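Throughout, read-outs are computed from the coordinates displayed, never taken from laboratory work. Source: prediction; values computed, not measured. Using ideal geometry, Cβ is built from the backbone for each residue, glycine included, and neighbour counts are taken over all protein chains shown.
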Amino acid sequence: MNSPFISPFTCETGLSKPERSGAIFANVQLSATWVTIPKDSGHRQDTIGTTIPGSVHLPFTKPAYGHARHQRPCDNYDDCLGMEHISFLVAVVIITALAFDFTNGFHDTANASATAIATGALRPKVAVTIAAALNFAGAFLSVKVATTISGGIVNEKAGIHPEIIFAALVGAILWNLLTWLRGLPSSSSHALYGGLIGATIVGVGMNGVNFDTVTTKIIIPAVASPVVAGLASWGATKLAYAITRKGNDAATTKGFKTGQIFSSSLISLAHGTNDAQKTMGIITLTLVSVGALPKGALPPTWVIVSAGAAIALGTYMGGWRIIRSMGKGLADIQPPQGFASESAVSTVILTSSHMGFGLSTTQVCTGGIMGAGLGGPKPELRWSMVRRMVYTWGLTLPAAALVSGGAALVAQQGTWGVALVGAVLVAGSGAMWMISRRQPVSADNVNDVSDVTPVEAPVPVDVNPAVAPANAPTPASTTVAA
Amino acid sequence: MHIKWNALAQTAGASFGITVAVVAVFALGILALSRREAALTTREGETAPAGGGRLALAGAYACFGVCAAAVVYGLVLMAAQ
C-alpha cells in the first residue's frame, strides 16, 4: 500500500498570524532539505492531484480522517501496514522530541527561578509555577528560533533521516538527565546540538557537519556570553549597592525582591520563546520529511501547544537539584544581587537573540550569578562548584555527540535498532530517576544548604555498608547530589 | 571562517550598558521610595517641607516607569522575531 494518508494536522497551520509567515516559510524551505525521506521518497508526489490523499499513519490521526473528500482504502489501520515502519519512527521521534522538551524545561527551571528562590523573593512552588506559565506563553510568542534548530550546523544537502534526529534526541536527553542527577546546570541547547552533530557524523559522515558554523554559532557565543553576563551583572550589582547604600535597608530589600519577580519572569518568557521552538522545529521537520506536512507549512497548532505544554510541565516539575546548586551552590545571593543578575541575564539573552547569536540560557545565568556573587559587598564564590560547572559545559557537546553517535549507529539498523535505542533511553532515564530518589531534592529542602561543598562522586554514598555508618551521617551527605 | 567580531562586540557592549542602566535606574527608584518614607516620618514630628515626600514618590514612579519601558521594549523585540 503505497498511498500514505494526509495527517489532519496539516489543516490547522495557524495562518491567522500573517507576520509569522515569512519566517516560517524560510524555516520550512530549509527544513525540507534538511531532512530527507529515507524510504518511499516519491510518495508525496504520487498523491498530489489524485483523489487519494496522502497521510501518515500516526495512531492519533484517525479521528480526523473524515476531512478527506473520499472514503479511502486506508481508513482501516490494517490496510496501511506498508507505512508502518515510517509511522512508527515518526511517532517515536515526536514522542522523544516532547520528552527532550520536558527535560529541557525541567533542567532549565533553575535559570529563571534559582535566584528568586534563593533570595526569598518567591516561594519555591510559586516560582516554578510562574516560570512554567511563562514558558508556555513564550512558546506562542514567536517562531523565529524554529528556523535555527539546525542553523546551518548540519549540512542540509547531506540528508538527515528521522533515525538521526531520534539518535540526537536520545543523546541529548540522557546527558540532560545525567547532569540533572549531579545537580549541574549544563546547556540543553548544547546537548541537542552535540547530539545532532554526533548522530550526523555517524549517519552521514564528517561532511554532514559544518564545523565553521559550529565555531561561530556555538563555541564563540558559549565562551563569550557567560563572560558578558558576568561582567554586566558584576557592574550592576556594584552600582545597585552603591546607590541604595544610604537608603532604608528593609525598603531596599523589599524593592529588589519585587523587582526580581519581574526580572525572573522575563527570563522564563525568553526561555520559552527560545527553547520550546527547538522542539517545534524538530517535530515540524520530521512531519515534513515524511510528507505529513507540505513543504512551506507552518508548525501546526498542535505542535506549538504540545511543545509549550511539555516544556511548561517540565519547568513545573522543577529541577530542584539544579535550582539548589545555582541558587545556593555558587554564592550567597541577596536580593540586589539577584535582581542585578536576572536583569543581566534577560538583557544578554534578548540582545544576542536580536543580533542572531544563539546562546545557552543556562550558561548565561551561571555567568550572571557568578558576577553578582563577586560584585556583592562580600565578594565570594565557591570555586569548586564553578570549576565543576565549567567542566560540564566543556563536556556537554562532545558527550552528547558520543552518545548520539552510538545511538545513530544502532538506530540505523532498522526498526529493531530504533526500538533498542528507545529501550535503552527508557531504561537509562528510569535508572537515573531511581538513583535520584536516594537523596531527593524538592521544593521543601531546596534552600536547606548550610554550607555547600559538593563532593565529586555523588552516587555511591552507601556502597560500603560497613564503613558508611561511621562517616556517612554528616551534613555533607545530604548535599552530595545537590 | 567568518567571525562577526563587530556584531559580537556590539552585543556585548549593548548588553552591559542596558543592564547597568536599568539596574541603576531601578536602584534610584528604590532609593527615592526609601527617601519618601524618611520624609513622611519627619513630617509627623515637625513641619518639614511638605513637597519632599511627593517629589520623591514622583521620582520613584518615573524610575520604575523607565524600567517598565525597557521591559516592554524587550518583549517587543522578542515577539517581533
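List of remarks:
- Between A:Leu402 and B:Ala80, the simple spin-label model (points 7 angstrom out along Cα→Cβ) gives 4.5 nm.
- Gain on full stretching of the segment that runs from A:Thr258 to A:Arg387 - 0.36 nm per residue minus C-alpha separation: 43.3 nm
- With both labels modelled 7 Å from their Cα along Cα-to-Cβ, the A:Ile219 to A:Leu409 distance reads 2.4 nm.
- Remark: A:Phe140, A:Phe102, A:Phe166 ranked as A:Phe140, A:Phe102, A:Phe166, counting other beta-carbon atoms within 10 Å and listing the fewest first.
- Listed residue pairs exceeding 21 Å between alpha carbons, taken from A:Lys257/A:Lys378; A:Lys257/A:Lys278; A:Lys278/A:Lys328; A:Lys217/A:Lys328: A:Lys257/A:Lys278; A:Lys278/A:Lys328; A:Lys217/A:Lys328
- Rel. contact order, % - alpha carbon contacts under 8 angstrom, at least six apart, the range A:89-436: 37 percent
- The ranking of A:Arg123, A:Arg382 by Cβ neighbour count inside 10 Å, starting from the fewest, reads A:Arg123, A:Arg382.
- Fewest-first ordering of A:Glu342, A:Glu380, A:Glu163, B:Glu37 by other beta carbons within 10 Å of each residue's beta carbon gives A:Glu380, B:Glu37, A:Glu163, A:Glu342.
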